[in-house]
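The values are calculated or read from the model by the stated rules, or taken from the named source; none is laboratory data. The model shown is predicted, which means the values in this text are computed figures rather than measured ones. Cβ: placed from backbone, ideal geometry, glycine included. Neighbour counts: every protein chain shown. All accessible areas refer to the heavy atoms of the entire protein, side chains included, with ligands and DNA or RNA removed. Shrake-Rupley method; radii C 1.70, N 1.55, O 1.52, S 1.80 Å.
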Amino acid sequence: MIEGLRKPVSFHQKSKVVIIGSGNVGEAIAYTLMVRKQANDIVLIDVDEPKAKAASLDIAHGTGFYRQVWVRTGTYEDCKDAQMIIITAGVGRKPGQSRLDLGSINVKIARDIARNIIKYNDNPIIVVVSNPADVVTAAVLEETGLRRGQVIGSGTSLDTARFRYFISSALHVDVEDIKAYVLGEHGDSQVPIWSNVTIAGIPLDVYESQTGIKIDRDEIASITKTSGADIIKGKGATFYGVSMAVSNITERIMNDQQGVVPVAHLMGARYGKWANVCFSMPCIIGSDGIEKTFNIPLSPEEEDALDRSVEIIRDMQNQLGIFTNLTGSLE
Ligand SMILES: NC(=O)c1ccc[n+]([C@@H]2O[C@H](COP(=O)([O-])OP(=O)(O)OC[C@H]3O[C@@H](n4cnc5c(N)ncnc54)[C@H](O)[C@@H]3O)[C@@H](O)[C@H]2O)c1
C-alpha cells in the first residue's frame, strides 16, 4: 500500500540509528534525527508494522530536502550495523493503573526487545526512553549483559532541560547560559539540584543579588516535575521535548562529542549506598556510550532527597525482579 521508502542516490557513508517503537515518541525522534541530519539511515521498527511504515513514509517525504537521509521501516536484523538503537516501545499508563503494573508490562516488552537486539548485535549502544525509564533501563542492561555504559536511559535529561528552561524564563537570560541538573528518578521523586546552579558560571544567589531578580525555587521545582503530566492532560502525550533530549544524546554518541548529560545508568561500587540502582547522574557520553560518571557534591537536603529517590527505584527494581541474581556490583 505504501511505496517509495527509497534509498537515497547519494548514499555513501552510512551512519545508522534503529528506533524500536514507532508511536508518538519514536516518530518524533525519527523526525528530529532526520531534520538535524544525525544519521543517514534511520530505521523504525514496531509490532504495528503499518503504523511504522506510515510514520517512516511521512518523515521520508520531508527528505526531499535532505536527499542523503534514508528513513524507512526495518527488522531486528537492521540492528547488526547500527551505531545506536533507541527503545521507545511500550504501553501508556491507563487510568487507575499503578506505576508498578505499568512497569511490569513495559519491562517485559523491553526484555523481549533486548533479546532480539542481541541476536543481531552483541555490542550495541542502546538508549532507553520507555517508562518507567529507570527500571526499564536496568532490565535492558540485565537482559543484554552489556557493559553498564552501553545501556543509557534518557532519564532526567528531559527534566533537566525543563528545569533550565523554567529558570531561564524566570531570570530573563539565555537558556544556554543555565547550568543546572535534575537528578535521581525520571519521575515524581526527581531531585532539582539548586546548590550548583550557575548562570554562565555565576552562582545563582550571586546572580540574584546583583540583578535584583529573585526566583521562586519551589515553584520552579514543582512545574519542572508536573509539566509532563500537564502536557499529557492537554494533548494526550509528550514527544517533542523528549525527542530533543534523545537527539542531544545521539549527537554525543554519533559524533563522539564527550558531552556531559544527566542520564540513567547503573551505579557502580564507588557510589556506595547507591550501587546497583539505575538512575540519573551527570555522565560524559561519547561513541562508546557512557565514558565517565560524576558523583557531584550535593547539599545535605539534596543528598537526603536523592536517597529517597534511589530507594523508590531500588524498591521497584526489586519488585520487578531486576538484578535478583546480581552478586557484588556490576562494573
Ligand atoms: N523518558 C522520557 O522522558 C519519556 C517522555 C515521553 C514518553 N516516554 C515514554 O515513551 C514510551 C512511548 O510513548 P509514546 O507516546 O510513543 O507511546 P505510543 O503508545 O504512542 O507508542 C508506543 C509504541 O510501541 C509499540 N510497541 C509496543 N510493544 C512493542 C514491541 N514489543 N515491539 C515494538 N514495538 C512495540 C506500539 O505499537 C506503539 O506504536 C512510553 O513508555 C512513554 O511513557 C518517555
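Tabulated data
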{"read-out": "Yes/no for G153 being on the phi > 0 side of the Ramachandran plot and not charged (D, E, K, R)", "value": "no"}
{"read-out": "Count of residues meeting criterion [within 16 Å of the ligand (Cβ to nearest atom), part of a helix (DSSP H, G or I) and open to solvent by 30 Å² or more (accessible area, probe 1.4 Å)] in the range 16-72", "value": "10"}
{"read-out": "So I125, is it surrounded by 23 or more Cβ atoms within 10 Å (Cβ to Cβ), in the same structural domain as S22 (by TED's automatic domain parsing), touching a Pro at 6+ places or on another chain (Cβ under 7 Å) and at pLDDT 95 or above", "value": "no"}
{"read-out": "Residue in the range 231-246 that is of a type in the set (S, T, Y), under 20 Å from V91 (Cα atoms), open to solvent by less than 10 Å² (accessible area, probe 1.4 Å) and within 11 Å of the ligand (Cβ to nearest atom) present", "value": "yes"}
{"read-out": "Hits in the range 212-230 (condition: open to solvent by less than 50 Å² (accessible area, probe 1.4 Å) and within 16 Å of the ligand (Cβ to nearest atom))", "value": "T224, S227, G228"}
{"read-out": "Any hit, the range 193-201, residues being more than 16 Å from the ligand (Cβ to nearest atom), under 30 Å from Q319 (Cβ atoms) and assigned to a strand (DSSP E or B)", "value": "yes"}
{"read-out": "Test: residue in the range 84-94 that is assigned to a helix (DSSP H, G or I), without any contact (Cβ under 8 Å) to a residue 40 or more places away in the chain and within 19 Å of A28 (Cβ to Cβ)", "value": "no"}
